[in-house]
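Novice: Below: one structure in structure tokens.
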Amino acid sequence: MVPEPADAADCRDGLERLSAAVKAGSRDEALAQLVTIDAACPAEVATKARRVYGAMLLRAVDDMSARGAVDDRIRPLVEQAAEHGRLWDAWWRLADLDLRAGRYAAADRAYHQAIDRHVDQVGGTCGGAERLQHLRARAEEAYLLANSEGQGGGLRAWPDTPWPFRCGHWRKQAPSLLFRFGSAALEPAARRDLDAIAAKLRAFEKPLVRIVGHTDFRGTDSHNLALSQRRAAAVARHLTAAGVAVRFEVVGRGKRAPRSIEGPDVYPQDAIDRLNRRVEVSFW
């Protein structure tokens with residue numbers, strides 16, 4: 001009988017021990033076996049083992065949450081599931097924890113990890129588009145709030161994933177641009193994002209561009225309508241100066257069209273107001 005290669009034997013033993021640790025709920029032992037599995041098993045086997053480990057941790061998180069555990073208690077397990085299990089939904093949960101705690105830059109990075117890993121693990125097909133749309137909206141909100149608090153250095157506004165341009169999504173929605181209360185002046189972060197938007201627009205042949213300004217709920221209807229129009233006009237002027245040679249549809253909506261936020265109770269009112277003081281740029 002031909003002896004089994006050492007790596008194959010170590011891989012098999014590591015998988016068996018991981019399975020036993022998962023059944024016993026021994027998280028430390030399961031994590032220890034991942035080291036052996038990474039060293040001895042083929043990459044695709046090691047990846048599946050990590051997902052098994054991550055799923056075990058998320059089941060524990062669900063059990064703790066059902067018993068009323070607070071975010072700080074469940075966070076270490078979610079971090080382990082994201083870092084070692086590398087599951088997209090673990091990164092999603094970690095991002096939600098950061099968002100609720102007001103750690104907006106960390107939340108943005110975790111949402112992008114969730115988006116990237118969802119595309120890798122589930123795919124960027126139409127079936128996952130609704131979930132990806134939610135993740136992208138949350139990532140944008142975290143990005144905007146981080147920028148508004150001066151935490152946005154190194155964050156990316158445009159996810160490097162193809163899903164927004166598939167499944168009949170003919171309209172491209174750029175990241176929103178935020179403004180200070182009562183102001184139509186472009187902030188430095190908005191100028192940076194507008195330059196990136198302009199670069200994309202210049203790559204299209206005669207795009208149709210719609211620019212819509214909005215405000216928060218404070219102030220009269222007439223004041224907010226005029227303010228939202230000035231904000232939209234400021235964006236159009238910047239894009240024109242950046243070499244976007246098209247006709248814009250420039251619209252002010254005032255406070256009549258607040259941002260659609262799923263689960264708005266995750267944000268304090270001040271954050272919701274900031275997200276509403278915005279201009280949206282879409283193009284076809």
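Novice: Using the beta-carbon distance between R230 and D116 and R0 = 45 Å, what value does 1/(1 + (r/R0)^6) give for FRET efficiency, to the nearest 0.05?
Specialist: 0.75
Novice: Let me ask something else about it. How large are Rg and Dmax for segment 1-143 when only the alpha carbon atoms are used, in Å?
Specialist: For segment 1-143, the Cα-based Rg and Dmax read 17.1, 62 Å.
Novice: Using a Cα-Cα cut-off of under 20 Å, which lysines could be cross-linked to K48, ignoring same-chain neighbours fewer than 8 residues away?
Specialist: Counting by Cα, and skipping residues close in sequence, K48 has these lysines nearby: K23.
Novice: So, one more: Of the peptides 223-236, 51-64, 103-116, how do they stack up when ordered by the mean number of other Cβ atoms within 10 Å, highest first?
Specialist: Taking the mean over residues of other Cβ atoms within 10 Å, the ranking is 103-116, 223-236, 51-64.
Novice: So, in nm, how far is label E130 from label R59 when the simple model puts each one 7 Å beyond its Cα toward the Cβ?
Specialist: Output for this residue pair reads 2.7 nm.
Novice: Quick check on my link table: of K206/K255; K200/K255; K172/K206, which ones sit more than 19 Å apart, alpha carbon to alpha carbon?
Specialist: Checking Cα-Cα distances, K206/K255; K200/K255 exceed 19 Å.
Novice: Which ³J(HN,Hα) values in Hz, rounded to whole numbers, follow from the phi angles of segment 204-214 under the Karplus curve 6.51 cos²θ - 1.76 cosθ + 1.60, where θ = phi - 60° and Gly and Pro get x?
Specialist: With the stated coefficients, segment 204-214 comes to 9, 8, 6, x, 8, 10, 10, 10, 10, x, 9 Hz.
Novice: Specify the longest stretch of the chain that does not include any exposed loop site, a site being one of the GluC sites (Glu not before Pro) with a non-H, G, I, E, B DSSP assignment and at most 15 other Cβ atoms within 10 Å.
Specialist: Values: sites that count: E149, E205, E262.
It runs 1-148.
Novice: Set the Förster distance to 41 Å, then compute FRET efficiency between D13 and V70 from the Cβ-Cβ distance, nearest 0.05. Please report the intermediate quantities before stating the final value.
Specialist: Working: r = 39 Å, r/R0 = 0.94.
FRET efficiency, D13 to V70: 0.60.
Novice: Please work out, to two decimal places, the log10 of the ratio I(q)/I(0) at q = 0.13, 0.17, 0.27 Å⁻¹ from a Debye calculation in which every Cα of segment 6-89 carries one identical scatterer.
Specialist: The computed values of log10 I(q)/I(0) come out as -0.40, -0.64, -1.28.
Novice: A further question on this structure: In nm, to one decimal, how far is the modelled label at A137 from the one at S282, with both set 7 Å along Cα→Cβ?
Specialist: Between A137 and S282, the simple spin-label model gives 1.3 nm.
Read-outs throughout are calculated quantities, based only on the coordinates presented, and are distinct from any laboratory measurement. Nothing here was measured: the structure is a model prediction, and the numbers come from that model. Neighbour counts run over all protein chains shown; Cβ positions are idealised from the backbone, glycine included.
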